[in-house]
1. For the condition in contact with an Asp or Glu (Cβ under 9 Å, 6 or more places away or on another chain), touching a residue at least 60 places away in the same chain (Cβ under 8 Å), more than 12 Å from residue 174 (Cα to Cα) and not aromatic (Phe, Trp, Tyr), what is the one hit in 21, 28?
2. In the stretch 1-53, how many residues are surrounded by 17 or more Cβ atoms within 10 Å (Cβ to Cβ) and over 19 Å from residue 193 (Cα atoms)?
3. What are the residues in the stretch 283-300 that are open to solvent by 40 Å² or more (accessible area, probe 1.4 Å) and at pLDDT 95 or above, if any?
4. Among (1) on the phi < 0 side of the Ramachandran plot; (2) in contact (Cβ under 8 Å) with a residue 24 or more places away in the chain, where does residue 411 come up short?
5. State all residues of the stretch 72-95 that are loosely packed, with under 14 Cβ neighbours inside 10 Å and either at pLDDT below 95 or not in a strand (DSSP E or B) (or both); if no residue qualifies, say none.
6. Which helices (runs of 4 or more DSSP H) does the stretch 300-416 wholly contain that include 1 or more residues that are closer than 21 Å to residue 135 by Cα?
7. Show the residue pairs that are 6+ apart or on different chains and have beta-carbon atoms under 6 Å apart, the first residue being within the stretch 346-360 and within 13 Å of residue 373 (Cα to Cα), the second being open to solvent by less than 10 Å² (accessible area, probe 1.4 Å) and hydrophobic (A, V, I, L, M, F, W, C).
8. Could you tell me how many of the residues in the stretch 54-66 are among the small types (Gly, Ala, Ser), in contact (Cβ under 8 Å) with a residue 12 or more places away in the chain and surrounded by fewer than 14 Cβ atoms within 10 Å (Cβ to Cβ)?
Amino acid sequence: MIKVHELDNGLRVVMEAIPFVRSVSFGVWVRNGSRNENEDNNGISHFIEHMLFKGTQKRSAMDIADTMDAVGGQLNAFTSKEYTCYFARTLDTHFDVALDVLSDMFFNSKLEQEDIDKERGVILEEISMYEDTPEDLAVDMLQERVFPRNPLGMSILGTPETIDGFTGEQFRKFMGERYAPHNVVIAIAGNIDEAEVIDKITKAFGHYQGEADTFEEKPTIYTPGFSLKEKDIEQVHLCVGFPGIRTGVDESYALAAVNTILGGGMSSRLFQKIREQHGLVYTVYSYNAGYYDTGVFLVYAALNPDNVYDVLGLISQEVRGMLTDKINAEQLSKAKEQLKSNFLLSLENAASRMNSIGRTLLMLDKVITPDELVTKIDAIDMDAFFSVCEEIFKMEQLSLSLVGKKVEGLKESDLTNAILN
């Protein structure tokens, strides 16, 4: 059973006891990501995530790693556009070690300038690595295009220019503005005694005080358009986008069923048509990138540069087919079973459950249990399915990004004709 407890300082703890495992997954979730930044400090959230591993008042970076390695534990973190998560996974007998290390990092990181300067090089290499990953680059280019002059369209990593100027004072000020108890959720899943866990979390985090500054976010208005980037690589990586659905609303479940049929697996229409029937791609898929207030529905494909127009035409054909070549009840039932299976199978370990309960409580202010999610999927009917198709797949709202060889020579008018005709 999933239980939620709120400490006196407003910090929330969500727990799921799983007595048949021997591990515990423990995450500290902060409602802060790159969309809480601006053009001047873009990348600061991700840089702070890195810096919390660089040493505290009582532990060096080596001590942090060695303490977890000594008990066979795993320690890591990630930053998204909307949140940051610091997490550990250990045997149930070593939960106290994970709690001590993570809380020490969270409250006592030194953020010394010498360490910042060293880590700056690491992050610049990460940016370079991302530039060499055209799949990610195509997706980010599209997001930047559809959310222009908005933090939601900015890179999580930042830019070399913004990364170059960060100081420890800036990090402390930013954390003071964004890291506060009511912006934090602690999620724990595994073989735990819930009463003991609450007592230990209270001792470690009960003293935490502060109020996060109100962050006035810019309206996220989807703006269709094209973005091209020349890159000397063998394939062209393209991304087609439409306005999506925000996370947590009932329409997002219907869109998940739409995505399953259009591009969510090997039996999907995009895969069967473009790869299996025409042999024009190795990879093609779709998904909805949902945020708390908006979303972007994306179709991605990697292909030979000579096949750009053909693949775009086939993507357009299949997208339009979601409105004209309508599915039947049997196909919808199959999609719903796929969704349920994918979700439930993803929760077969404590780490996945910790991620699920932590993220949903942080972003939706509620925990959606597996049974509740299955009920929502079962409730998807034909009307909801086609209503979402009509809302999403408006060709005049289509956006496109391409990365690869010869793409800068492509004309927007020709690309538009390939899509619309």
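1. Values: 28 fails: in contact with an Asp or Glu (Cβ under 9 Å, 6 or more places away or on another chain).
Sole residue among the options that is in contact with an Asp or Glu (Cβ under 9 Å, 6 or more places away or on another chain), touching a residue at least 60 places away in the same chain (Cβ under 8 Å), more than 12 Å from residue 174 (Cα to Cα) and not aromatic (Phe, Trp, Tyr): 21.
2. So the count comes out to 23.
3. Initially, the stretch 283-300 is screened for residues open to solvent by 40 Å² or more (accessible area, probe 1.4 Å), giving 283, 285, 287-288, 292-293.
283, 285, 287, 288 - these are the residues of the stretch 283-300 that are open to solvent by 40 Å² or more (accessible area, probe 1.4 Å) and at pLDDT 95 or above.
4. Among (1) on the phi < 0 side of the Ramachandran plot; (2) in contact (Cβ under 8 Å) with a residue 24 or more places away in the chain, the lone unmet condition for residue 411 is (2).
5. 72, 93
6. Details: elements: 308-324, 329-346, 350-364, 370-378, 382-392.
The qualifying helices (runs of 4 or more DSSP H) are 308-324.
7. Once the first residue is within 13 Å of residue 373 (Cα to Cα) and sits in the stretch 346-360, its partners that are open to solvent by less than 10 Å² (accessible area, probe 1.4 Å) and hydrophobic (A, V, I, L, M, F, W, C) give 357/14; 357/187.
8. 0
The values are calculated or read from the model by the stated rules, or taken from the named source; none is laboratory data. Everything numeric in this text was worked out from a predicted model, so none of it was measured. Please note: Cβ atoms are built from the backbone with ideal geometry, for glycine as well, and neighbour counts cover all protein chains shown. Accessible surface areas use protein heavy atoms only, side chains included; no ligands, DNA or RNA. Shrake-Rupley method; radii C 1.70, N 1.55, O 1.52, S 1.80 Å.
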